[in-house]
Structure formats: C-alpha cells, structure tokens
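A short write-up of the structure that comes next.
Read-outs throughout are calculated quantities, based only on the coordinates presented, and are distinct from any laboratory measurement. Worth saying up front: this structure is predicted, and the values here are computed from it rather than measured. Note that each Cβ is placed from the backbone with ideal geometry, even for glycine, and that neighbours are counted across all protein chains shown.
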Amino acid sequence: MTPSLRSKITVLILFVLLVTGASITFFTKKDVGRAMLKAEVRSVANALELIHTTIRGEYEGLLDYKVATVQARKSQLRHTATAGRALCRAYLDMTRSGLMTPQQAQNRLKDLFADMGSGSGEKLTIIDSRDRIIFHPDTTKMGRSTAQLQDMKGRTITRVVRKQDAMYGGTFAVFTWDTTRTRDSGKQLGYFLPFAPWGWIVGAVISVDDISTQEHQKIRELTKVLETTLATIRIAQTGGISIFNTSRQPVISHPDRAPLPAPVMDSLMANAETGKGFVTYTSQEKDREQQMLARAFYFKPLGWYVTAFVPTEEIQEPANALVTRQTQLILLVSLIGLGLGLLFAGRISGPLKELTAFAKQLPGMDLTASSPGITSIDHLATRSRDEVSRLAAAFVFMLSELRRNVSHLMEVTASRERIQSELDVAKEIQEGILPKIFPAFPDRREIELFASLESAKEIGGDLYDFFFIDHKRLCFVIGDVSDKGVPAALFMAITMTLIRSTAEEHDNPATIMTRVNDKLSRENPNSMFVTLFIGILDTSSGHVAYANGGHNPPILIRNNGTTTYLEGISGLVVGGMEGIPYQGLHVDLHPGETLFLYTDGVTEALDPDKNLFTDQRLLEDVTANRQADPENLIRAVRTRVDQHVGTARQSDDITMLALRFKG
C-alpha cells in the first residue's frame, strides 16, 4: 500500500527533528563560539572605524586651517605686489609728465621700497628686464640673476610671469632660494606681477616654514583630545585602543596595559598595509599571561597605527553560556513544529489534489477570453485562511494576471510597432536634413569632399554640413550633440539651422560660433551642448579660417605625406553658457592636401573587451590611406573601426568628413 501524504509528512518531520537534535549537539558549541568571535571582531572593527572617522575629521580641520593660512599669506603677497606695481605706475606717470627721468624715477622707487619695510614678513622684490634682482631687502640678493630660479614644477618663474601677463596678470610660485649664496632657507611663496613699461617684474616673497610649525602644534592638540577619548573606550571588559607611529614609538598608550611588544607592532604594521586580519599574541598582565587579539589600521597622513586589542577569554566566556540557552530553545521550537505539522498535515493532502488537477487544465485554457467565469478552485480560495487556501487564491490570481498580462502584451506590442514606425519616419527626416549627394559640387574642380554619418540609435545627435556662402568660399561643419535619440536629433537640427542662418550674415567662423552659442544657450532648459567645428575654405587660395568649440582636433594630410592633428581650440563646447567669445584660427592648404574631420564615435569605438579605438590608431590609419580620395579615405577608416569593434554593439554615433583642396 502506498503511504499517504500525511504519513510521509509525519516521517519527514520526525527525521528532521532527529537530524536537527544531533546536529545541534555536534555543531552548536563550535558555531556559536565562532559567531561570538565574529561579533567581537565586528565590534573591534566598529571601534576602529569610529576612531578613524574622528581622526580624519580632526585632520581635515587641520588641513582647512592650513589652507586658510596659505590663502591669507597669498592675500598679503598680492596686496604688497599690487601696491608696489601701483607705485611704479605713479612714477611712470611722473616721467611721462616730464617731472623726472626714468632713471631718477627708478632710483627713487628703490629708495621708497627700502623705506617701506617688510610688513607682515613679505619682502618686496624687483626684477629687471635682464632677469636680475635690482631690489630686495636682503642686499646679498641684489644683482643676482633669476634666470635659473624655478618653481616646484620646474618652470622658470620670470618666463612664466611674462608669458601669462596677458591672460592672468599675476603668478604665484613656490620656490627655494639658492642656499649656498644666502642666509635664507626653506620654501618661499611669492606673487609676481609684470610691469611692462620698464620690463620689470614686481614680486612679494614670504617664508612658509612657520606653517609647518603651526601644523605640528595642531597635531599635538589632536593627540591630547584623542588620549582623553580613547581612555573611555572599552572593548569587551578590559580591551581597548592604543596608537603608535611608524617608528614603533607609542603615541597614545592604554592606561591599564603595557606597551605592545616590537614584534607585535611589526605584525600589526604588515597586516594594516596588506589588509589582513587580527594578530594573536601573549600579554604579561600583572601576575598572569593573557592571550590577546589585536588589529590595527594605518592613518597615512599622520603615520599612525591605531590598534584595538581584546583578551580572547573575554570573547569565549559569553559564548559558552549562549550555547546552552540556544540549544534548549531550538529543541523546544522543534517539538512545537512537530505538533503543528501533525495537526495540519491531514488538511493539506485533499485540497492539493484539486489544485493539481487545475494546474493540468491551465495550459489548455483560453487566456484571451473577455469573461473568465468561475474556476473549479474558487471554493478552495475562500474556504479558510490556511496555506492551502492561500495557494488556491494564488492560482486564481495567477490566472487573472495571465489574462491581464496577455491583454497588456498585445497592447504593448501594437504600441511598440507604432513607435518604431514613428522613429523610422524621424530617421528619414533627419537624414533628409544632411547633404548626402556625392560628389557634392561636381562643377567645382578645386575641391573634393565626402562625408558619412551612422547613428548608434535609430536617430542620433551627430551632424555635418557644407555649403557655399559665396562663389568662392565653402563653409563646412561637423559636430556632436551631448545626448542621443530624439532630443539630440532636435538639438542637432536647430544647430544646423542656426549655423546656416548666421553664415548668411557673418563670414567669420569664430563670429558664427559665438552667435550660435548665444542662441543655443539662451533657450536650453536641458543644458544640452554640442562640440562643433566650423571651417570656411577660400577655394581660390586654400586658406581655411576655422573655429573649434571643444571638438576633436581634425587631421591635416600634407603633400609631403605627413599627417598631424590641428590642436588649436577656440573655446568651450557650444550651447553650454552664453557670452563665451571664440577665438578664430586658420591654416593654409596647398593643392592636393586634405582635412579629415570626425566625431568621438570614431576614436572612442569599443571592442568586446572595452578597449578604445584611440586617437593614435586613427592617425595611423589616416596616414596609411593618405593617398586615397576623400570617399575611399572615409571608407577605409570605417572598415578599420568595424574590424576593431567586431561583435560589440556600436556605442556612439560615427561621423566623418574629408575635404581635399585641389587648387
């Protein structure tokens, strides 16, 4: 006779109880002890993390103090140097008014500077056009050359000041005087301003060594605060926290524990650097030895090792008591489970047969019917609130959801077909905006041009365009909108329209880019932008005026076979911020030379391993095909990109434009 489901459930419960009891007897003590150890380990880790957060917060405050001090010194230097240059201007005006000669003015200035003193420690310094010091409070520096005086980046200070005059006006520099020829030592902070009429550089210099002294004082104050805090922290009963440095010298010792032995410090330092766990060691405490666990983390800015330690016996003691209580609780729960299992086993088997029959009928049901009707298990779902009733209710709900999902799937499928159709139409409209007929100007023998665009989605944000603004000047454009899909396509269409309309009024690429940037930025709620390259080729001379708004640099193919990137940038991306002026750039093409333009979808094409195509590889491929006409050059590069990408999905729009000047 086949055993019933009830008898099987009873036997299974008895078996589970026996296995559970045996397992508890064998494993509980070991596992619970391990769990307590892990809990204490977490406690130690939490304590270390708390101290780490405290130290980091105090150290960040120290850094803020240091930054504020440096900024105050910079302000002093800027004020002193600015005041010195203002005096120079005043005496320059006197020479221009004929009140004195330039030499008299310069001599009086030196006397005046000598009478001014050094203020709050800053020292006014004057360097002449030959890069020699003509005034400094320290007379040993008078007449010395500063041609070899360099900042911490290895740059010659006077050269940097004169070069950056037009852009920034003044320059800060950190440097060290030649200590073999002066009594000064340590780092110096200086602010230098050029005074072009006399070829002078007016500077103010101050020592920054005292900042380090103040920093050490702050660290000592931090140590006192931590010493008070750590004395109140206890791990388990007698564990705690101490700190030592990289020289194995105690920074903060535990008040009730002897300092850590040197070998233990070595192990803690090695574990802190490699990320390993605890170190075990024996500690001699009063009249007995204790087995200890310790762990440290390294705070690199201060060179500190923060160590937490705890006796192992204090971890094991609560674990032994917990084992007995947990074992009793598990046995009690098991007995209760057996009784409940026997009680409800008989109520499960009958309804399960009905549910089984319903499940067999489910695949043959019509899930598209508008009226589902009453099912054969509805009475089970409302009979009671036990597990079987909930299972029956779940079957009824599943049937209802299947009907709803099938209906929804049919609607979604139809909706997606409509959306795809609209996207196809949008793609055709977008492609209609771009010029696609090649050769573009068959009656113009002086140029040869080809372009291509392939979107990563149905519609993309890349653009290119070319048109004559008069009988001899060709305007050509390439760009990349910061987004993809429909928003990018709309932004791209607006950009192209603005370029064409602006080109009717202005014939300077930089001016065109400036006007387009202002119009795009003015009404741009989504903060979209476009990298843009606008060039105008004079077909009678080969002169190209262009502006590059954050776009990839074009490649120039010369007649002698060399290929180089045009690195000039006119300004930031277009559409990001209103009122940005763009700088005009230019290059001359000789007959037979070619400009190759592209978007970042070429150089940033990814292979299956996420490796980029790279600028270097593009330059090599263009060089290899430098003799090809524009169309074959673009097709050759596209082939190389496809080979690189392989089976990977295209991640960005790929656009290229090649223009050859034939003279």
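Please state, as a whole number in µm²/s, the translational diffusion coefficient that the Stokes-Einstein equation yields for the stretch 276-318 at 20 °C and 1.002 mPa s, with Rh defined as the Kirkwood radius across alpha carbon pairs.
Details: Rh = 11.8 Å.
Value of D from the Cα-based Kirkwood radius: 182 µm²/s.
Net charge near Leu230: determine it from the other residues with C-beta under 12 Å of the C-beta of Leu230, scoring Lys and Arg +1 and Asp and Glu -1. It would help to have the intermediate numbers written out before the result.
Details: positive: Lys224, Arg234, Arg257; negative: Glu227, Asp256.
After counting each charged neighbour, the total is +1.
Quick one: order Phe491, Phe441 by neighbouring beta-carbon count within 10 Å, fewest to most.
Numbers: Phe491 23, Phe441 17.
Least to most surrounded, the residues fall as Phe441, Phe491.
So how compact is the stretch 532-605: Cα radius of gyration and Dmax in angstrom?
Considering the stretch 532-605 through its Cα atoms, Rg and Dmax are 13.3, 42 Å.
Going by average Cβ neighbours within 10 Å, how do the peptides 544-550, 171-177 rank, with the highest at the top? Don't skip to the end; give the middle numbers.
Working: 544-550: 23.4, 171-177: 17.6.
Taking the mean over residues of other Cβ atoms within 10 Å, the ranking is 544-550, 171-177.
Taking K and R as +1 and D and E as -1, what net charge do the other residues with C-beta under 12 Å from the C-beta of Leu556 add up to? All intermediate terms of the calculation are to be shown ahead of the outcome.
Values: positive: Arg558, Arg626, Arg660; negative: Glu567, Asp588, Glu593.
That works out to 0.
In nm, what is the difference between 0.36 nm times the number of residues separating Lys153 and Asp138 and their Cα-Cα distance?
2.8 nm
By count of other Cβ within 10 Å, fewest leading, how are Asp209, Asp115, Asp266, Asp465 ordered? Walk me through the numbers on the way to the answer.
Numbers: Asp209 10, Asp115 7, Asp266 13, Asp465 21.
With the sparsest Cβ surroundings first, the list reads Asp115, Asp209, Asp266, Asp465.
Would you tally the net charge around Ala488, using a Cβ to Cβ cut-off of less than 10 Å, leaving Ala488 out, and scoring K and R as +1, D and E as -1? Walk me through the numbers before you get to the answer.
On the way: positive: Lys457, Lys484; negative: Asp462, Asp480, Asp483, Asp653.
Here the charged neighbours net out to -2.
What list do you get for Asp443, Asp652 if you sort them by fewest beta carbons within 10 Å?
On the way: Asp443 5, Asp652 21.
Least crowded to most crowded, the residues run Asp443, Asp652.
Which of the peptides 248-261, 213-226, 71-84 is most tightly packed, and how do the rest follow, going by the mean number of other Cβ atoms within 10 Å of each residue?
Working: 248-261: 15.2, 213-226: 12.7, 71-84: 17.5.
Order by mean packing, descending: 71-84, 248-261, 213-226.
So which of Lys276/Lys610; Lys436/Lys662; Lys153/Lys187; Lys66/Lys163; Lys123/Lys218 end up more than 24 Å apart, counting from Cα to Cα? Working shown, then result.
On the way: Lys276/Lys610 32 Å; Lys436/Lys662 21 Å; Lys153/Lys187 13 Å; Lys66/Lys163 30 Å; Lys123/Lys218 27 Å.
Correct reply: Lys276/Lys610; Lys66/Lys163; Lys123/Lys218.
Just order 527-535, 196-204 by mean Cβ neighbour count inside 10 Å, highest at the front, would you? Before the final figure, lay out the partial values.
Details: 527-535: 23.9, 196-204: 20.6.
Result, highest mean first: 527-535, 196-204.
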